[in-house]
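The structure under discussion appears below in the form of structure tokens.
We did not get these values from a lab; they are worked out from the coordinates using the rules stated. Here the structure is a predicted model, which is why all the values come from computation and not from measurement. Because the Cβ atoms are built from the backbone with ideal geometry, glycine has one as well, and the counts that use them run over all protein chains shown.
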Amino acid sequence: MPEMKMQPHEFQELRDQAADIGQQDVKLGRFLDLLLLHLGHAHGLDPAEEDAKAEARRLEEERTAEDEQLKTEAEARTEARALEDQQTLTPDQQMARATARKAEDEQVKADEDARKVKRAGEDGRIAALTEESQPAPTEQTGAVAVQEGN
């Protein structure tokens, strides 16, 4: 007989339903949370770990969409500049265009730097969530190591 194992998405659906019930009845919601905690562990699923994985997937999707948008904007900016370069301009107009482009490039660079800082913070938060979901070493493990050293 094949062993039945709960999938992460099924576990999340149950957790969502329990949260909805918990909005209506706090005691029942707490009971269901504890029940689902035990059920999840029986199937090798940890709520904290599943939450961290879901958050990581959400961030990855958000970043992918943001990167696509930035790529589209960069391509549009390149095309616009190519069209501007075809225009005949006076030296003063060329200087003004160069100044405007420099300011635009500096703003794009500042936005990129801010995005890198934001993403590093998000990566740190996800790493912390992942570490929290990992089991801590037990004291018994440390005691065995000390005994082996004697």
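Of all alpha-carbon pairs in region 12-54, indicate the percentage at a distance above 18 angstrom.
Tail of P(r) above 18 Å: 24 percent of Cα pairs.
Using just the helices of the chain, give the 222 nm mean residue ellipticity in deg cm²/dmol: DSSP H runs with n ≥ 4 each add -39,500 (n - 2.57), and the total is spread over all residues, rounded to 500.
One gets -30000 deg cm²/dmol as the mean residue ellipticity at 222 nm.
Once you put a point 7 Å from the Cα of Asp105 and another 7 Å from the Cα of Ala74, both along the Cβ direction, what distance in nm separates them?
That separation, rounded to one decimal, is 1.5 nm.
What list of ³J(HN,Hα) couplings, whole Hz, do you get for region 49-63 from phi and the Karplus terms 6.51, -1.76, 1.60, once you set θ to phi - 60° and write x for glycine and proline?
Coupling constants for region 49-63: 5, 5, 5, 5, 5, 5, 5, 5, 5, 4, 5, 4, 5, 5, 5 Hz.
Just for the Cα atoms in region 60-126, what are the lengths along the principal axes, largest first, rounded to whole Å?
Answer, in whole Å and largest first: 53, 18, 7 Å.
Just want to confirm a number: the relative contact order over the chain, from Cα pairs under 8 angstrom separated by 6+ residues, in percent.
The normalised contact order for the chain reaches 27 percent.
Any chance you could tell me what percent of the C-alpha pair distances in the chain go past 25 Å?
Value for the chain: 61 percent of Cα pairs lie more than 25 Å apart.
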